[in-house]
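The values are calculated or read from the model by the stated rules, or taken from the named source; none is laboratory data. All values derive from a computational prediction rather than experimental measurement. Note that each Cβ is placed from the backbone with ideal geometry, even for glycine, and that neighbours are counted across all protein chains shown. Surface areas here come from the heavy atoms of the whole protein model, side chains and all, with no ligands, DNA or RNA. Shrake-Rupley method; radii C 1.70, N 1.55, O 1.52, S 1.80 Å.
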Amino acid sequence: MRLRNWIAVLVSVLLLAGAGFVGFLVNRSTVQAVETVHQNDTTALGANNGTLTGQLQKNSVKELTFLLGQLAVRLSADDPVDRAVLALAARKSVTFQYGLITTDLEGDFLTASRTSGLPSPGDAAWDPLWAKVRTDRYGFSGVMRAGDTVVAAVAIPVIVGGGVVGYLVGLNEVAHTSLHGYIRELRSETHTTMIVDSAGRIGAASDDALVGGAVHDEIKASLNREDAQFVEYAENGTDMIAVVVGGLASDWSYVRTQTKASFDGAVYSRSQTLNLTLLAMLVIGVVGITLLGYRTQIQRRRADERFQALFQHAPDLVSVLDEAGRIIFSSPSAVSVLGFEVGALVGHSVFDVVHPDDQRQMRDRLTRLLTDPSGVLRLQCRVRTADGQFRWFDFTASNQMDNPALVGVVINARDISENRAFQERLEHEAQHDPLTGLPNRRRMQDRLCSSLRSESVAVLFVDLDGFKPVNDAHGHEVGDELLRQVADRLSACVRSTDVLARVGGDEFVMLMPGVHDRADVEAMSSRVGYVLELPFRIDGYEISISASVGVHMAPAAADPDEALRAADHAMYEIKYSRRLPAGAIVRVGRHRATD
């Protein structure tokens, strides 16, 4: 009997030792899988934010190009006329209110909108700007100091007769740019987000106090690379980690830093706890022979606790699917992210909560993933919350069917609804007039091109008569409100299939696809003239204006620019025929159909 007891103890010890060793391997494999998903997700987030950052910087190039189109500069040194023109343009600018500068082909300053507070022309931060603008037709400087102010510059060439004759440089105070405002919104207690130039100087940060400073030397060594980099370093005795994403249009980089402990999160601490638990199980197996009968039940319970402990504190939604797409595990974050009770999704198909329009794509991608034992996929789709709404999520799925601790597809999902909304808002602003909300010239031209491929289009070019005196007499605020009311009246005139766009200061264009009868177009022209001749009431003033409407019937497959030019000329014929005596010759010839 005693021998049997020793044999039972020995068997118990061997079984528990074997289980402990296997559990250690499973624990390490699971931690590595979660770390891989976490690093991929962090890299993807950095790439997304880097893309948005690049878009904001390109928007500044577009704004500077727009300002150049409105300027008439002589490119002379210390020219008082140029200084006045540049100062007026800087005040109207959103991004370059700090100042504008004209330079010669060598980059030497000619005239600036301000007489003081300019960065030194010899600052090394100018070098990347001049190197890039001469090849890519736009360039970004590094971060510079202009006295006590931290600034950055954007430059584009001034082209006359097909040749570059100089450059227009826009200065922005980096602490007040839309880029810094966006990065500030990313502030968190656990990490710091920064946008740095190629020399490591900080141009935007989630912490205002960092702007104008420099990143750690270890991070500087990883800048100016196309791929994402993870950099580990020590700062004030604390182990740190940074993700660095380069390749932005400005040759700047996106950097996010945090402590190594916060990056690793609870997974590693839970891993150590599990290792100690396994050791305790070995001791218990040796000391308590009576626990041998409960070995299977204890191991099963411990395995479940270990699995949930890995994901309990994950900030994203973590799920495990079987090969049929059924959810066999859902992290507790489903409560805060989707609103479902803990365990409510287990047993249901993942496609029950995926938007119908996204289900086919997700089925195809998951099917291909199951054929690749080490495969990882990324996709974005809409997921239904408990209250029936759909939100956008970024999915990272890893095939862990061969992992004995998981035996499924591990999905890490992050809510990106706000990022998508921000991106869609940027796209909307790029194609719409900010004052009236109408489509802008670019949007109108795209629609005209697509319509003319298949059908005829009637083009009405509307120019307001008497708008400038309103601005001069009552100020720009009244003028802006007048333009908004004009847009509202014109919007009430068009059909649901028509397009109404604001293409200039007081110019609007109507597109009427599929209209063949000129009488219908003339009726629309008369309606526009009638509604705009009715008095406008703004801030207690009764304001009266009129409009000149040029009409052109463009046949299918016609050249869009020619169609706009014809409507523009027709409008000017009407406008000037009202001013000239009978028999006078009307001369027209200006066309602004293209930027």
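Details
- When region 322-336 is filtered for residues that are part of a strand (DSSP E or B) and either in contact (Cβ under 8 Å) with a residue 40 or more places away in the chain or more than 30 Å from the chain's Cα centre (by Cα) (or both), the ones remaining, listed by number, are R326, I327, I328, F329.
- Which listed residue, of E418, E455, is at pLDDT below 90 and not hydroxyl-bearing (S, T, Y): E418
- Residues located in region 68-87, provided they are within 18 Å of V165 (Cβ to Cβ), in a helix (DSSP H, G or I) and hydrophobic (A, V, I, L, M, F, W, C): L68, V81, V85, L86
- Some residue of region 407-426 being more than 22 Å from the chain's Cα centre (by Cα) and of a type in the set (S, T, Y): no
- If you check P404, P373, P356, P332 for being open to solvent by 30 Å² or more (accessible area, probe 1.4 Å), within 25 Å of F422 (Cα to Cα) and of a type outside the set (D, E, K, R), only one passes: P356.
- Scanning region 500-519 for residues that are among the small types (G, A, S), open to solvent by 20 Å² or more (accessible area, probe 1.4 Å) and under 17 Å from L564 (Cα atoms) gives G504, G505, G514.
- Taking region 425-477 as the range and being among the β-branched types (V, I, T) and touching a Phe, Trp or Tyr at 6+ places or on another chain (Cβ under 7 Å) as the test, only V462 passes.
- Test set (1) out of contact with any strand residue (DSSP E or B) (no Cβ under 6 Å at 6 or more places or on another chain); (2) closer than 19 Å to V486 by Cα; (3) open to solvent by 60 Å² or more (accessible area, probe 1.4 Å) - P555 fails condition number: (2)
- In the set (1) part of a loop (DSSP other than H, G, I, E, B); (2) open to solvent by 20 Å² or more (accessible area, probe 1.4 Å); (3) touching an Asp or Glu at 6+ places or on another chain (Cβ under 8 Å); (4) touching a residue at least 24 places away in the same chain (Cβ under 8 Å), the condition left unmet by E232 is number (1).
- None of A77, A112, A90 is under 23 Å from G147 (Cβ atoms), surrounded by fewer than 16 Cβ atoms within 10 Å (Cβ to Cβ) and either small (G, A, S) or at pLDDT below 90 (or both) except A77.
- Considering residues of region 520-549 that are among the aromatic types (F, W, Y) and open to solvent by 70 Å² or more (accessible area, probe 1.4 Å) only, the residue modelled with the lowest pLDDT: Y541
- Qualifying positions in region 379-406 - more than 24 Å from the chain's Cα centre (by Cα) and part of a strand (DSSP E or B): S398, N399, Q400
- Scanning region 337-350 for residues that are open to solvent by 20 Å² or more (accessible area, probe 1.4 Å) and within 28 Å of the chain's Cα centre (by Cα), we see that the one that is nearest to N412 (Cα to Cα) is V337.
- Out of T190, T135, T238, T177, one residue alone is loosely packed, with under 14 Cβ neighbours inside 10 Å, under 23 Å from the mean Cα position of the chain (by Cα) and among the β-branched types (V, I, T). It is T190.
- The listed residue being open to solvent by 20 Å² or more (accessible area, probe 1.4 Å), farther than 15 Å from G212 by Cα and at pLDDT 90 or above, out of V164, V158: V164
- Pairs, first farther than 23 Å from I159 by Cβ and touching a residue at least 60 places away in the same chain (Cβ under 8 Å) in region 107-135, second β-branched (V, I, T) and surrounded by 15 or more Cβ atoms within 10 Å (Cβ to Cβ), C-beta under 7 Å, six or more apart: A125/V143
- Restricting region 21-68 to residues that are at pLDDT 70 or above and among the aromatic types (F, W, Y), the residue that is farthest from the chain's Cα centre (by Cα): F21
- Residue match in region 212-228 (condition: among the polar types (S, T, N, Q), over 25 Å from K62 (Cα atoms) and either open to solvent by 20 Å² or more (accessible area, probe 1.4 Å) or assigned to a loop (DSSP other than H, G, I, E, B) (or both)): yes
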